[in-house]
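Where a number appears in this text, it was derived from the coordinates with a stated rule and is not lab data. Keep in mind it's a predicted model, so treat the numbers as computed, not measured. Please note: Cβ atoms are built from the backbone with ideal geometry, for glycine as well, and neighbour counts cover all protein chains shown.
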Amino acid sequence: MSVDHQSIHASAVLVDERAVLIRGPSGSGKSRLVFDLILAGQTGQIPEAMLVGDDRVHLDVKDGRLWVRPAPELVGLLEIRGLGIRRLDCATGAIVGLVVDLDAADAARLPEPEALRIVLQGVELPRIPVGNGFSPLPLVVASLTTIEGLSSLRPLADCSKGIGNHISPTIATE
């Protein structure tokens, strides 16, 4: 089943086999994050990354998956602040695997589980809300290269805070 496409103000970058959809107000750093992710892919911090679209992308639902593709008039174009519009190799479409919301009002140090999920066009996806003034790159890299560990987190018996945010009771003396 397919749903008619929706054009949105967003950018997207293909990382390995899934796209990172980057949303946020004008000037929030969507294009910068796309380029940062491409560079992170080139240096091996994350799997290879490639532009899908910058500034405006189209979303489609096919077989229960959210697809993103570039706006036809912007294919292969990326704005790099200080240099202008540049041409890059790009993917013509990809399945969205992660949504990043820049300047998100619900960003928090320890976000609630529901803040880390979003439903777009009927498809539930993982989400990273990034607060104004915070760099999104470390959060996205961490999301792409780590696994969620909260379910296995247990407070240490001697943890004064009782929330288990200490690696080891003897780490300072080891």
Within the stretch 67-104, work out how many residues are among the charged types (D, E, K, R), closer than 18 Å to Val15 by Cβ and either touching a Ser or Thr at 6+ places or on another chain (Cβ under 7 Å) or assigned to a loop (DSSP other than H, G, I, E, B) (or both).
2
Which pairs have Cβ atoms under 9 Å, sit 6 or more apart or on different chains, and link a residue in the stretch 124-141 that is touching a residue at least 24 places away in the same chain (Cβ under 8 Å) and at positive phi to one that is buried (at least 22 other Cβ atoms within 10 Å of the Cβ) and part of a helix (DSSP H, G or I)?
none
Out of the stretch 105-123, which residues are in contact (Cβ under 8 Å) with a residue 24 or more places away in the chain, within 15 Å of the chain's Cα centre (by Cα) and not in a loop (DSSP other than H, G, I, E, B)?
Leu120
Residue check: is Leu102 touching a residue at least 40 places away in the same chain (Cβ under 8 Å), in contact with an Asp or Glu (Cβ under 7 Å, 6 or more places away or on another chain) and either among the polar types (S, T, N, Q) or under 25 Å from Leu77 (Cα atoms) (or both)?
no
Which of (1) out of contact with any strand residue (DSSP E or B) (no Cβ under 6 Å at 6 or more places or on another chain); (2) within 29 Å of Ile147 (Cβ to Cβ); (3) not polar (S, T, N, Q) does Leu33 not meet, given it meets every other one?
(1)
